[in-house]
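Okay, so here's the structure we're looking at.
Only the coordinates and a few stated rules stand behind these numbers; no lab work does. The structure presented is a predicted model; accordingly, all values stated were derived computationally and were not measured. Note: ideal-geometry Cβ built from the backbone for every residue, glycine included; neighbour counts use all protein chains shown.
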Amino acid sequence: MAPPKLSVTIITHNEEENIEDCLKSVRWADEIVVVDSYSTDKTVEICKKYKAKTIKNKWLGYSNQKNLAIDKARNEWILSIDADERITKELLDEIKKEFEKDIPIDGFYIARKNFFLGRWIRHCGWYPDYNLRLFKRSKGRFIEREVHEKAEVKGETKYLKHPLEHYTYKTLSDFISRLDRYSSLSAIELHKKGRRAGWPHLTIRPVTTFLRMYFLKKGFLEGFYGILLSGLYSFYTFSKYAKLWEMEKKGGKVK
């Protein structure tokens, strides 16, 4: 029996610095689908160079944009990745071996090697960081939420051994700009759930975030990188609850 065909799906917006290496790592796929939210750089040009099926669409939010990419794919198996992620040869070989097995699996969790300022972070809760990324389109979708989107599969799942590589936060400025965006989206998500911000959220929670990442998740083994990450995530926790408090004062609006 021939192995099943696979579509790689990617969403983009001004990813010219990342997308080529991403596409190189998945050019073996039977199909590459890119949904681009009107990039103004060379992202689309690079995608066409690698013969990716490129669709331009207004930004619908992380989950909806990724689900649209799935809808545009033609194959049953979907590998959903981000522009700053890379599929290694070891992971590809493992996927091929799994596809050769006659086992009723509907989705696979893949670990991520997350890089921060060029360094692979093994602690702080950053590894193995399993995410459901490979699944049958008839069984899986991304849950609708504002940020930190994740896929769910109705069926049997399995964890793969080899990770993909995630080259995130190449500079502190990049982290801080995304922190501002993600904390706003998190505040919106919390507000939709009817959550309210109290003084413990602005005082105790940021501290416990730092302590959990730096001590419980052994961030101290990362040296100064561990201090930076734990501190930045502590500020992220403070920011999202501060913005939630602001939303309450402004009647549900956030800048």
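When Ala83, Ala52, Ala69, Ala73 are checked against the criterion of being of a type in the set (A, V, I, L, M, F, W, C) and touching an Asp or Glu at 6+ places or on another chain (Cβ under 6 Å), a single residue qualifies: Ala83. One residue alone among Lys158, Lys243 is assigned to a helix (DSSP H, G or I) and either surrounded by 14 or more Cβ atoms within 10 Å (Cβ to Cβ) or among the charged types (D, E, K, R) (or both), and that residue is Lys243. State which residue pairs qualify: first residue at negative phi and inside the range 63-92, second residue aromatic (Phe, Trp, Tyr) and assigned to a helix (DSSP H, G or I) in any location, beta carbons under 9 Å apart, and separation of 6 or more residues or different chains. The qualifying pairs are Trp77/Phe99. Within the range 97-147, the set of residues being closer than 18 Å to Leu160 by Cβ, out of contact with any Leu (no Cβ under 8 Å at 6 or more places or on another chain) and β-branched (Val, Ile, Thr) comprises Ile103, Ile105.
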